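The values are calculated or read from the model by the stated rules, or taken from the named source; none is laboratory data. Everything quoted here is computed from the prediction, not taken from an experiment. Virtual Cβ from ideal backbone geometry, glycine too; neighbours counted across all protein chains shown. The protein model used for the area step is the full one, side chains on, heavy atoms only, and it has no ligands, DNA or RNA in it. Shrake-Rupley method; radii C 1.70, N 1.55, O 1.52, S 1.80 Å.
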Amino acid sequence: MTHGPRSGLSAVSSAILAMSRHLEVRDVLKTIVVSARELLDAQYAALGVPDDHGGFSQFVVDGVSDETWKAIGPLPRQHGILAAMLQDKGPQRLPDVREDPRFGGWPDAHPEMADFLGMPVADGDENLAVLFLANKAYKHGGTGCGFTDEDEELLAVLAQHAAIALTNARLYERSRELTIADERARLAHELHDAVAQKLFSLRLTAQAATALVDRDPARAKDQLHQVAHLAAEATDELRAAVVELRPAGLDEDGLVATLRTQIKVLDRAHSASVSFSAHGMRALPASQEEALLRVAQEALHNALRHSGAEHVEVTLARRGQGAALRVADDGSGFDPSAVRQAGRHLGLVSMRDRANGVGGRLKVVSGPGEGTAIEMEVPGG
């Protein structure tokens, strides 16, 4: 909480910039709620995203402890004041929400709320969400509604920009889903080409060994050794593909644990040694964690499939409020400028786009015979 009312262009600008800084819907929703509560000096703030079944698909609160929130129970339904805000598409400012005829009560664990200010977050005729605040911290005169006309105007401005930020975040997530679908199609094609060829060779070699068993046991033995070698290569290809196709697990495990797990699998699947270390990491915005993970995966893919490296080292470390990722190998290396001129990017364009998309930067250090290092920094949040 702040120690006095935040007002003026600077406070509004800070709140709007905070909302615009994130690309993940969940981060945008949380930032909207926190910004609104701080801007208007309310004790409580919440934002609900309606579903099509009379409830809310997402409901984000600020000012309520985790223990209290768990004790409150299921998400609210669209009734009372919340329903009015969704249906009337206008602001609701009340001196005491408990005395409004539409008030339907709340669970026993729910904190007591009195003065109330609600605002729809709308995109044209569509209500994207409802935003409301309760218990103004600085009441004027101590009676009536603590929220003023100025508060209502500020919240209206914030809601307009919140609608833009939320719409952009939804478009970003949709774009990311399409990108993931394209990536899965690419992996499926690669898996088909690589593994199908290995299995075809495996079948022919096994047939040759069968034909040679009786008349030339020595050659049959050589063919069987080749069968074993091809089977091992096919297994490596399958394991590597599974790592890339498997859901990242960022929501449940976090970036460090997710990377550590995937790198352990790659270390077992490939002849090269793959190691990972993390130092002083803190939680980052979801979009930045995903960008770091995808860049690490792309860099590892290049190192293990194309460089001929014997060792690949992945490090992740805190850098100010953000983080720095480094994927370094001792492989054949390449001339980055020559790769660009030849139109072969080895995923570098994709990695740079991912870094730029979250306000980060990417650096490629390589040379023929000198190995390669992919370095990425993100600013945190």
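Here are the numbers for the structure shown:
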| quantity | calculated |
| --- | --- |
| Label-point separation in nm, Leu199 to Met281, each point 7 Å along Cα→Cβ | 3.4 nm |
| Nearby lysines by direct alpha-carbon distance to Lys264 (threshold 28 angstrom, same-chain neighbours under 8 apart not counted) | Lys198, Lys363 |
| Solvent-accessible ranking of Phe334, Phe103, Phe56, largest area first, probe 1.4 Å | Phe103, Phe334, Phe56 |
| Label-point separation in nm, Asp52 to Asp88, each point 7 Å along Cα→Cβ | 2.8 nm |
| Nearby lysines by direct alpha-carbon distance to Lys221 (threshold 16 angstrom, same-chain neighbours under 8 apart not counted) | none |
| Ala232-Ser175 FRET efficiency (beta carbon distance; Förster radius 51 Å; 0.05 resolution) | 0.85 |
| Percentage relative contact order, region 285-381, counting C-alpha pairs under 8 Å, at least six apart | 34 percent |
